[in-house]
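**Q** One structure follows; several queries about it will come next.
The values are calculated or read from the model by the stated rules, or taken from the named source; none is laboratory data. On a predicted model such as this, the values are computed, not experimentally measured, just so you know. So basically every Cβ, Gly included, is an ideal-geometry build from the backbone, and we count neighbours across all protein chains shown.
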Amino acid sequence: MNLLDKYIIEIGKKLPHKNRLDLQNEIRSTIEDMLEDRSRSARRPIDDQMIEEVLAEYGPPARVAAGYHTTHYVIGPQLYPF
């Protein structure tokens, strides 16, 4: 299992169960496209360092997953956790 697989699994742990697999596939596809573009522009094959750079740019798994949650509050649990 490579770094990209671990990253996608971590995101999946925080995604809504209903659409988890579809969202994971969508995120993987986006990251793979980013890697291909980076590889072409750098004129070198995709390696672990390139994967780390792209994943760092894409963001932490928790923040990426949070973007897919649809619950919106006017005054949310961040302000009033009780």
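**Q** Do any helices (runs of 4 or more DSSP H) entirely within the chain hold 3 or more residues that are charged (D, E, K, R) and modelled with pLDDT of 95 or more, and if so, which? Break it down into steps so the answer makes sense when it comes.
**A** On the way: elements: 3-13, 20-42, 48-58, 61-66.
In the chain, 3-13, 20-42, 48-58 are the helices (runs of 4 or more DSSP H) which contain 3 or more residues that are charged (D, E, K, R) and modelled with pLDDT of 95 or more.
**Q** Okay, moving on. Report, by residue number, each residue of region 11-29 that is under 15 Å from VAL54 (Cβ atoms) and surrounded by 12 or more Cβ atoms within 10 Å (Cβ to Cβ). It would help to see each step written out before you state the result.
**A** Of the residues in region 11-29, the ones under 15 Å from VAL54 (Cβ atoms) are 11, 27-29.
Residues satisfying the conditions are ILE11, ILE27, ARG28.
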